[in-house]
Every structure is written in structure tokens, then in C-alpha cells.
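Shown next, in C-alpha cells, is the structure this report addresses.
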Amino acid sequence: MNVILSQQDKKILSIFQVIRSVRVFATLPGLIQAILQSLPDMFSIFICLCFFLLVFAMIGTTLFSDAVPSAFGNLLSALNTLFVCITQEGWSDVYREFKSAEGLSYAAAVYFMIVITGGAFIFVNLLIAVIATNMDTAIEDNDESCGQGP
């Protein structure tokens, strides 16, 4: 069902959208506090992610350096390849290089499945969980300070 709005109706709707976005800025101090409280936990998760990537870069360099030297020729290129994989922005191009190598497509599939699952999904979800937990704590503290207990 198409609804035709006049120019005045469009202006009123845009004013409501601006008012709605202003409400987001009201929660900004609590969000900043939650992120600042999350930094130590996020740093720990980041260190674990770096260790995870380093271990898998060494494994990838050992297993795949002869077959795909452009992606796993040395440790730095392997770390770059794994970073591309966990950002999920071009891992399919890297995996296509393994298709041309004989007998490595299944090993590469298992390797990339572990890296993408561990790096992209588990570690990113841990970061989000830390921020969400600290955001809940900041909201509870804000409610208590305003006298709006549960």
C-alpha cells in the first residue's frame, strides 16, 4: 500500500527522526563509561586473539608455505592472511589459491574453518559480550543513582 505524503508531512517525519536520534546522545555518557570499563577485559581478549593468530600463522606457514607462498610464505604474510580471514573480507580469494594446489583443499578447508570460527565468531562475540555486560552494569548504576531501583 503506497501512501503519498505531502512536503509538510515529510518535514514532520524528519523532525521526529531528529528527536529520536537526540535520545541516543542522551545515553552517550553511559556508553562511554561502559566502553572505558570494558578496556581491561577487551585488552585480555585481544591478547588471546593475537596468540591464537600467531599459533595458526605458524601452523599455516609450516603446512602451506610451499604450496601457497603468496599467502603463507613467511610469518608476516601468514598473519596478514589470517587477519583477512577473521575480518571475512576476502578469505574466499585466499581459499581459491588452495584449490589449485593438489591435495590441500580439504586441509585448507578445515584450517580456515577453525580460524574463521575461532577468530571471527568466538573472539568478536566475546568482545561484544564484555561491552554488553559493562553496559548493563552502567545502566544499573545509573538507575540506582537516579533512585529508580528495580
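The values are calculated or read from the model by the stated rules, or taken from the named source; none is laboratory data. Keep in mind that this is a model prediction, so the values were computed, not measured. Every residue, glycine among them, receives a Cβ derived from its backbone with ideal geometry; neighbour counts consider all protein chains shown. What goes into the accessible areas is simple: the full protein's heavy atoms, side chains included, and nothing from ligands, DNA or RNA. Shrake-Rupley method; radii C 1.70, N 1.55, O 1.52, S 1.80 Å.
When volume of the Cα convex hull per residue in Å³ is calculated directly from the model, which label among (i) 385; (ii) 105; (iii) 219 fits?
(iii)
Share of the stretch 1-134's accessible area from carbon and sulfur, percent, 1.4 Å?
On the stretch 1-134, the fraction of accessible area on carbon and sulfur atoms equals 70 percent.
Mind checking the angle between helix 91-100 and the chain's longest principal axis? C-alpha axes, 0 to 90 degrees, to the nearest 10.
20 degrees
Could you work out how far apart the two model spin labels at residue 109 and residue 140 are, taking each label as a point 7 Å from the Cα in the direction of the beta carbon, and quote it in nm?
Roughly 4.6 nm, to one decimal.
Multiplying the sequence separation of residue 99 and residue 44 by 0.36 nm and subtracting their Cα-Cα distance, what value in nm do you get?
Net length gain for the segment: 16.2 nm.
Under a 10 Å cutoff between Cα atoms, tell me which one of 114, 12, 47 has the largest fluctuation in the Gaussian network model of the chain.
Between 114, 12, 47, it is 12 that shows the largest mean-square fluctuation.
In whole Hz, with x marking every Gly and Pro, tabulate ³J(HN,Hα) for the stretch 69-86 from phi via Karplus 6.51 cos²θ - 1.76 cosθ + 1.60, θ = phi - 60°.
Result, ordered by residue: x, 5, 9, 10, x, 9, 5, 5, 5, 5, 5, 5, 4, 5, 5, 4, 5, 6 Hz.
Simple spin-label model, 7 Å along Cα-to-Cβ: residue 31 to residue 117 in nm?
Label-label distance for residue 31 and residue 117, simple model: 3.4 nm.
Could you give the angle, 0 to 90 degrees to the nearest 10, between helix 124-145's Cα long axis and the longest principal axis of the Cα atoms of the chain?
20 degrees
Taking the solvent-accessible surface of protein heavy atoms with a 1.4 Å probe, what is the per residue accessible area of the stretch 38-150 in Å²?
62 Å²
Let me cross-check residue 141: its accessible surface, 1.4 Å probe, with only protein heavy atoms counted, in Å² to the nearest 10?
Number for this one is 70 Å².
Enter the accessible area of residue 51 (Å², nearest 10), with the probe set to 1.4 Å and all protein chains included.
Around 140 Å² of this residue is reachable by solvent.
Starting from the Cα of residue 89, move 7 Å in the Cα-to-Cβ direction to define the label point; list residues of the stretch 42-69 whose amide nitrogen is under 20 Å from there.
46, 49-50, 53-54
Could you run the Karplus curve 6.51 cos²θ - 1.76 cosθ + 1.60 with θ = phi - 60° over the stretch 51-65 and give me ³J(HN,Hα) per residue in whole Hz, x for Gly and Pro?
5, 4, 5, 5, 4, 6, 5, 5, 5, x, 5, 5, 7, 10, 5
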